[in-house]
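Read through the structure below, which is laid out as structure tokens, and then see the notes.
The values are calculated or read from the model by the stated rules, or taken from the named source; none is laboratory data. Keep in mind the model is a prediction, meaning the values are calculated, not measured. Cβ atoms come from the backbone with ideal geometry, glycine included; neighbour counts cover every protein chain shown. Protein only, heavy atoms only, side chains kept; ligands, DNA and RNA dropped before computing areas. Shrake-Rupley method; radii C 1.70, N 1.55, O 1.52, S 1.80 Å.
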Amino acid sequence: DGNVDSIDSSLMRLMADGLINKVGGMHRFGHDLIWQAAYALTPSPKQQSMHLHVGRQLLKNRSEEEHNQMVSIIADQLNRGVELIADGDERLLLARMNLQVGQKELISMSFLPASMYLLQGTILVRDEDWEDNYEMCLQLFTSCAEVQLALGNDAETVSLATQVLTLGRSLQDKLGAYHALIKAKISQGDTDEPVKIGLSVLEQLGESFPVSVDQAKIGKELMETQQLLESSSLETMLKADVATDADRVATMRFLLLTGRISYSINPGLNLLINLRMVQRTMASGLTPESSFAFSSCAFALCGIDHHDLAAFCAKVSISLLGRFNHSY
């Protein structure tokens, strides 16, 4: 904001001393060490004020066409001066920009930079911001929780997911947070709590399971599954439609996750879940989890000497694995 003539005069002296060079219409330091030294000599409060000023000027003067190209630079400058931002609307705008940059980093699989921007965004959000900016806050906290999970930051994942579960408005909005929370708990060495959470989510999705599993309940589920399998064919299964209903797709996802956790601590429950997955596949359509369901069912049927049905399930499983190209 200084006098233009004074700035030009200062720039000319710096160029004469070889400290900066003019490249096109821009001035650049003659060497990286020069700008590093100049920056280091600037007091910390002044650095923050400088970054904030640069960020605000870039934001003010950029065109709509330039925004997507410059959003990372603008967000980075404003983040460096964030302690000086008191206005709630400006902090919320910066949170939105951090979400945008974080999502761009995720597209390029750059998890660590994405984590930094998304975490900065969550720090800027107040609980009351969820009321008027719900979708942005939901995306920001859910994406951040998933990135923290990928980076192995389990405690941070639990904290962020809990925030979504507290302020989320619907089950569908909370499913991503539930999934991240369960996986983080498993990574922390807990198995009982993840199973309880998984069963609670499944109950809300319309799939209930008994607290205690006995042979009678297993036999009932096996009989129902066997009847469905005997009335189908390999050709029919492979031509089945892919499930599109959001709740049905989510149900299969949480059946698989909860079933895998329960394998070592409650084998009976694990078997019930795997059989239910086959039933839901045949009733509601195929999902990437269906291949796992049929392979598990094949294993169970072998155990009770239903070898023909087991072979049928194995063939379906192999065919679906190739169709969805999904890893478990």
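Are any residues in the range 77-97 closer than 20 Å to residue 114 by Cβ and free of Cβ contacts under 8 Å to residues at least 12 places away in the same chain, and if so, which ones?
Residue satisfying the conditions is 93 alone.
Can you tell me which residues in the range 164-174 are in contact with a helix residue (DSSP H, G or I) (Cβ under 8 Å, 6 or more places away or on another chain) and under 20 Å from residue 198 (Cβ atoms)?
164, 165, 168, 171, 172, 173, 174
Please return the ranges of helices (runs of 4 or more DSSP H) entirely within the range 169-278 where 1 or more residues are closer than 26 Å to residue 145 by Cα and out of contact with any Lys or Arg (no Cβ under 6 Å at 6 or more places or on another chain).
The qualifying helices (runs of 4 or more DSSP H) are 171-187, 192-204, 246-262.
Having 3 or more residues that are within 22 Å of residue 121 (Cβ to Cβ) is the bar; report the helices (runs of 4 or more DSSP H) wholly within the range 17-89 that clear it.
Counting at least 3 such residues, we get 44-61, 64-80.
Only residues in the range 287-311 that are in contact (Cβ under 8 Å) with a residue 60 or more places away in the chain count as the first member; pair them with residues that are assigned to a loop (DSSP other than H, G, I, E, B) and open to solvent by less than 20 Å² (accessible area, probe 1.4 Å), Cβ under 8 angstrom, at least 6 apart or cross-chain, and list the lot.
none
Among all residue pairs at least 6 apart or on different chains, which show Cβ distances below 6 Å where the first residue, located in the range 129-158, is touching a residue at least 12 places away in the same chain (Cβ under 8 Å) and the second is in a loop (DSSP other than H, G, I, E, B) and open to solvent by 50 Å² or more (accessible area, probe 1.4 Å)?
Filtered contacts from the range 129-158: 154/188.
Within the range 144-154, track down each residue that is part of a helix (DSSP H, G or I), over 15 Å from residue 122 (Cα atoms) and aliphatic (A, V, I, L, M).
149, 150, listed by residue number.
Which of the residues belonging to the range 286-299 are open to solvent by less than 20 Å² (accessible area, probe 1.4 Å), of a type in the set (A, V, I, L, M, F, W, C) and in a helix (DSSP H, G or I)?
293, 294, 297, 298
Here is a yes/no grid of residues against (1) of a type in the set (A, V, I, L, M, F, W, C); (2) buried (at least 16 other Cβ atoms within 10 Å of the Cβ):
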| site | (1), (2) |
| --- | --- |
| 56 | no, yes |
| 63 | no, no |
| 100 | no, yes |
| 110 | no, no |
| 124 | yes, yes |
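Please verify whether the range 313-321 includes one or more residues that are in a helix (DSSP H, G or I) and more than 18 Å from residue 232 (Cα to Cα).
Yes, the conditions are met somewhere in the range 313-321.
Determine, yes or no, whether residue 69 is free of Cβ contacts under 8 Å to residues at least 60 places away in the same chain, farther than 20 Å from residue 163 by Cβ and open to solvent by 40 Å² or more (accessible area, probe 1.4 Å).
So residue 69 fits the description; yes.
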